[in-house]
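The values are calculated or read from the model by the stated rules, or taken from the named source; none is laboratory data. Only a predicted model underlies this, so the values are computations on that prediction, with no experimental measurement involved. Because the Cβ atoms are built from the backbone with ideal geometry, glycine has one as well, and the counts that use them run over all protein chains shown. For the accessible areas, the whole protein counts, side chains as well, though only heavy atoms, and no ligand, DNA or RNA atoms are used. Shrake-Rupley method; radii C 1.70, N 1.55, O 1.52, S 1.80 Å.
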Amino acid sequence: MKGAEPEAPGPSPPQPAQGLTKGDKSEQPGLDPEPDTHWQRTEEEEALIEFHRSYHELFQFFCNNTTIHGAIRLVCSKHNRMKTAFWAVLWLCAFGMMYWQFGLLFGEYLSYPVSLSINLDSDKLVFPAITVCTLNPYRYKEIKEQLRELDRITEQTLFDLYKYNASSTLLAGARSRRDLGETLLYPLQRIPVPPRPECGGGGLKCNRDKSDCFYQTSSSGVDAVREWYRFHYINILAPLADASPSLEEEALGSFIFTCRFNQAPCTQANYSHFHHPIYGNCYTFNNKNDSSLWMSSMPGIHNGLSLTLRTEQNDDIPLLSTVTGARVTVHGQDEPPFMDDGGFNLRPGVETSISMRKEALHRLGGDYGDCTQDGSDVPVQNLYPSKYTQQVCIHSCFQESMVEQCGCAYIFYPRPKGVEFCDYRNHSAWGYCYYKLQGAFTSDSLGCFNKCRKPCSVTNYKLSAGYSRWPSVTSQDWIFQMLSLQNNYTINNKRNGVAKLNIFFKELNYKTNSESPSVTMVTLLSNLGSQWSLWFGSSVLSVVEMAELIFDLLVITFLLLLRRLRSRYWSPGRGPSRGICDLWSDSDTTAPEAVLSPMGE
């Protein structure tokens, strides 16, 4: 009613404390707080390390705060299960695609691919070493009588097997076939092998106790005679290896008529000499032992090495060498000349012009390729006084097998210390062992080609040759006259007794092929970051967030497992002192906040 005084307000009903939610306990005025046996954390206190109470809470916190694109869609659309499922599938697919790409990138990196870069440079070039041989094996005076006896036996054998009368004078005083068999341990025999029995020939090879024998055969009578003669020649020459047989003076200076490099005459300091059992006297120009190495500052035929060679054959050992001319090979200063492997023959009466082009190859070793830097990691001892090459290693490997299985060294390769060269006087079965080993080497049963890896750095010289008749018909008279005056050249068939050789750089441009890693660690990280940004639009810090999520999951799982173990094996009121496990609630699916605070608070 108007004018009436308002009634005094009665006691208002108790209101819930502001900020309390369901499950929180309110405090009544005037009442003491309910005693709690557990230590509780106030709002003002902060823990050193805290973890989420449940997997759901952790997942929701991660999706709301992560910098990974699309993760927030998993929780903001929780009232629309279709959207939530759609974004969950999309997020998982993007996650799977990203790690599939990661797998491809890591697979490519661990395959260690290489890229080949080609550089073309131009500069002064060191002239390579050149080795030239006479193709005319020399008769050492120490074994002349033995070689003469071998020739007589060979001539008698040719007459007995093929009815070839090599020398009526020698055959008149030759011994019978029976005597020949007693003179040589491995006589040459014809083996009737249809349909061409006239071509077969060989010697019987046996081991020490004669328990295993085989015929070393050839499809051609010429090849059989040459191989048979070569085998006995090795046995005659082997004992002289330690004695350093002497060469007569005329053998040293009768091969090279003229020598010129860069239009300047050569000197004795520019070459060294050695004798090859098959290829005769050999001369190496510009090797590492020379006083100074030759340098090429200009290309062309007039800026290289020019040699005039005497190719006359004196028929010193006609059954050992059946060709006329000379043999030449180009190699590096630190590499031995392998005349069998890389040499080629020069024809008499012809000027051979060889142009060179240098190429260098640098390979990557280690995980990127099967090559060796200096051969120190190859299980084969280098028997040559030179740097490591694959040919050096292969020959050394064969020699090691000879020493190990045959007990002696092959005369054409360097021998280890304390080992003798093979000959049938001291090693009666070495021929049997050698030919067996040669077959195993050819089929790579010895494993030499697998042991001997390629060097990481290789220098090659690409050669191309041109030929012309030399000297010409109109100039041959005065050229031969000058040679006869300067070099005492008195051969009857003049054109077949001389040859000319020119070796020069075609151009000073040289090509360098270098390998480099195709995928480096920087490239890998860049590709990984590109994929992560493509599928999730995030950065490196997002990776740290993922790591933090995984760590939190592991901690919560550990706490839940520890609680179950405690509730199962520890009785109420017993067990260790109160700690973090006393903060758990009765729910098995949630974990309390793990709080670490200073002791005593």
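Assorted remarks:
- Residues within region 472-489 that are open to solvent by less than 100 Å² (accessible area, probe 1.4 Å) and either among the β-branched types (Val, Ile, Thr) or touching a residue at least 12 places away in the same chain (Cβ under 8 Å) (or both), tallied: 7
- Residue satisfying all of: in region 93-124; part of a loop (DSSP other than H, G, I, E, B) and in contact (Cβ under 8 Å) with a residue 12 or more places away in the chain; surrounded by the fewest Cβ atoms within 10 Å (Cβ to Cβ) among these: ASP123
- Residues being of a type in the set (S, T, N, Q), out of contact with any strand residue (DSSP E or B) (no Cβ under 9 Å at 6 or more places or on another chain) and either at negative phi or crowded, with 16+ Cβ neighbours inside 10 Å (or both) are represented in region 517-524 by at least one member.
- Among residues of region 396-410 being touching an Asp or Glu at 6+ places or on another chain (Cβ under 9 Å) and open to solvent by less than 30 Å² (accessible area, probe 1.4 Å), the one that is farthest from TYR109 (Cα to Cα) is CYS408.
Residue-wise test of (1) under 20 Å from LEU483 (Cβ atoms); (2) open to solvent by 10 Å² or more (accessible area, probe 1.4 Å); (3) not in a loop (DSSP other than H, G, I, E, B).
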{"position": "PRO299", "(1), (2), (3)": "no, yes, no"}
{"position": "VAL330", "(1), (2), (3)": "no, yes, yes"}
{"position": "PRO336", "(1), (2), (3)": "no, yes, no"}
{"position": "THR352", "(1), (2), (3)": "yes, no, yes"}
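- Scanning region 365-377 for residues that are open to solvent by 40 Å² or more (accessible area, probe 1.4 Å) and either part of a loop (DSSP other than H, G, I, E, B) or within 14 Å of GLN390 (Cα to Cα) (or both) turns up ASP370, GLN373, ASP374, SER376, ASP377.
- Checking each residue in region 216-231 for being of a type outside the set (Gly, Ala, Ser) and open to solvent by 40 Å² or more (accessible area, probe 1.4 Å) picks out GLN216, THR217, VAL222, ASP223, ARG226, GLU227, ARG230.
- The test for being within 35 Å of the chain's Cα centre (by Cα), on the phi < 0 side of the Ramachandran plot and loosely packed, with under 12 Cβ neighbours inside 10 Å holds for SER445.
- Every residue from region 309-364 that is modelled with pLDDT of 90 or more and hydroxyl-bearing (Ser, Thr, Tyr): THR329, THR352, SER353, SER355
- Only one entry in PHE504, PHE441 is assigned to a strand (DSSP E or B), hydrophobic (A, V, I, L, M, F, W, C) and touching a helix residue (DSSP H, G or I) at 6+ places or on another chain (Cβ under 7 Å), namely PHE504.
- For region 251-297, the set of residues classified as of a type in the set (Gly, Ala, Ser) and part of a loop (DSSP other than H, G, I, E, B) consists of SER254, SER291, SER292, SER297, listed by residue number.
- Residue in region 125-140 that is open to solvent by 50 Å² or more (accessible area, probe 1.4 Å), modelled with pLDDT of 70 or more and either not in a helix (DSSP H, G or I) or not aliphatic (A, V, I, L, M) (or both) present: yes
Residue-wise test of (1) among the charged types (D, E, K, R); (2) closer than 30 Å to PRO299 by Cα; (3) within 33 Å of the chain's Cα centre (by Cα).
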{"residue": "ILE68", "(1), (2), (3)": "no, no, no"}
{"residue": "ARG81", "(1), (2), (3)": "yes, no, no"}
{"residue": "ALA85", "(1), (2), (3)": "no, no, no"}
{"residue": "GLY96", "(1), (2), (3)": "no, no, no"}
{"residue": "TYR109", "(1), (2), (3)": "no, no, yes"}
